[in-house]
Amino acid sequence: MRVYWPTTLAELARVVGAGDLAPAPAVVHAVTRTLRDFYADADPRDLEEELEYVAMSDAAEQSVRLLGQDPSAAPRRVVLALDVADDAVEVQPDAGWAAPERSRVTVTVPLSLDALASVHVDDAEAEADVRAAVAVLAAADAGDEDARFTVEACEGHDLLWYDASELPVLLAVGP
């Protein structure tokens, strides 16, 4: 199963240097039954790709939250796509319809670089919107619609795609 692990460039550099990405259990995002039900009326020809994009977008929003915990991190969302065994994924029992709960799952095995399929990172043009989103997270969580709009503005920036083999170059170049 393809899962999407939210992180930051600083955290990614730290864990890659340590050799593993995340110990078990790890909370990530994936295409879940709830997500499928939410998109039941979507065009079946593009459904799988769209569902994976939504799960990755939910992970990208979680990356913004991680940036809020580390003000020194480069203001770029980072999501790793990893392939893990289906039986190593547990769906959150209280998953709701809203992002990011709709795609949240727990992986019961450590996440390793061997499972890495691709890396997705914002480019420099997204930094101002990501900074703005980080600044209003608390207000967005409290129900402020304008703040929520600011957080969602990050979705206007597509994450750049890097092959797993490009990870060392990405980390060496930095933001």
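Since every read-out is calculated from the coordinates, none of them should be taken as a lab result. What you see is a predicted model, and the numbers here were worked out from it, not measured in a lab. Cβ placement follows ideal geometry from the backbone for every residue including glycine, while neighbour counts extend to all protein chains displayed.
Kirkwood Rh, Cα Rg: Rg to Rh for the chain?
0.95
For V78, what residues show an amide H to amide H distance below 5 Å, using hydrogens built from the backbone and excluding near sequence neighbours?
Placed amide hydrogens put T7 under 5 Å from V78.
Extending each Cα 7 Å along its Cβ direction at E145 and D163, get the distance between those two points in nm, one decimal.
4.7
Please report, in debye to the nearest 20, how large the charge dipole of the chain is about its Cα centre when each Lys and Arg carries +1 at its beta carbon and each Asp and Glu carries -1 there.
That gives a dipole near 540 debye.
What is the set of long-range amide H partners of S112 at a cut-off below 5 Å, with H atoms built 1.01 Å from backbone N?
So S112 has HN proximity to L21.
Within the stretch 1-100, report the trypsin sites (Lys or Arg not before Pro) that DSSP leaves as loop and that have at most 14 other Cβ atoms within 10 Å.
When the trypsin sites (Lys or Arg not before Pro) of the stretch 1-100 are filtered for loop state and at most 14 Cβ neighbours within 10 Å, R45 remain.
At what distance in angstrom do the alpha carbon centres of the stretch 37-87 and the stretch 99-175 lie from each other?
8
What does the charge count near E127 come to, summing +1 for each Lys or Arg and -1 for each Asp or Glu among other residues with Cβ under 14 Å from its Cβ?
Every neighbour counted, the sum reads -1.
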